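The values are calculated or read from the model by the stated rules, or taken from the named source; none is laboratory data. Since the structure is predicted, the reported quantities are computational estimates derived from the model, not experimental observations. Ideal geometry is used to build each Cβ from the backbone, glycine not excepted, and the neighbour counts take in all protein chains shown. Note: accessible area is taken over every heavy atom of the protein model, side chains too, but ligands, DNA and RNA are not part of it. Shrake-Rupley method; radii C 1.70, N 1.55, O 1.52, S 1.80 Å.
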Amino acid sequence: MNTLQLRWNDLADVKRELAARDWFPGTSGNLSIKVDDASFLVTASGKDKRKETAEDFLLVDAAGTAIDGFAGKPSAETLLHVEVYGKTDAGCSLHVHTVDNNVIGELYGEEGEVTFTGQEIIKAFGVWEENASVTVPIILNHADIPTLAKEFGKYVRADNGAVLIRNHGITVWGRDAFEAKKFLEAYEFLFSWHIKLLMLKGR
């Protein structure tokens, strides 16, 4: 099995798991995985991600342009994935719209970031210190994708990380599909936990 097929299978596995969590409402969200230094697979635009077809992903070049031989159109937000692979050695990038990440983005959007402290699941990010913290930057949801990608790119500095786009969703990236999915699950846990805690406290 060649590298392209292996990476396709990896991304399909992630898509299947996230779809089972209902994290792709209204065909939203986009996923990508690096094939080599010159190309990556990205979800096709406007498809129901709960279904599995031979046209779920397209191969694009490092600039996000579709490579001949693949049907459909790359996700509208492919340029965000271009920023990730162009600035880091990450191998997978995941973007989902959930109610929880949108609520967190709205609650803390004016502050430009949200910080979580003392939660055990922060260890998922490789942070093992006592009472550890993790901070997620929050950026504006620019309608112009090149503008959004440029703003997003300011926070892409390491081989793993995350950025919340206000009233839009979260993009998480990691060294491979396993790490990116692990980080996404951990952030979504933190978002859900925080919202429920605020509700119980009546804030």
Given (1) open to solvent by 20 Å² or more (accessible area, probe 1.4 Å); (2) in contact (Cβ under 8 Å) with a residue 12 or more places away in the chain, index of the condition A20 fails: (2)
Residue that is nearest to H95 (Cα to Cα) [pool: residues in segment 54-75 that are out of contact with any strand residue (DSSP E or B) (no Cβ under 8 Å at 6 or more places or on another chain) and modelled with pLDDT under 90]: A54
Residue ID - farthest from the chain's Cα centre (by Cα), chosen from residues in segment 104-149 that are closer than 18 Å to L197 by Cβ and open to solvent by less than 20 Å² (accessible area, probe 1.4 Å): A132
Flag for E113 being in contact (Cβ under 8 Å) with a residue 24 or more places away in the chain and farther than 19 Å from S28 by Cβ: yes
Number of the condition not met by I33 [criteria: (1) in contact (Cβ under 8 Å) with a residue 60 or more places away in the chain; (2) open to solvent by 60 Å² or more (accessible area, probe 1.4 Å); (3) of a type outside the set (D, E)]: (2)
Among residues of segment 79-102, those that are open to solvent by 10 Å² or more (accessible area, probe 1.4 Å), farther than 20 Å from F191 by Cβ and not in a loop (DSSP other than H, G, I, E, B), counted: 6
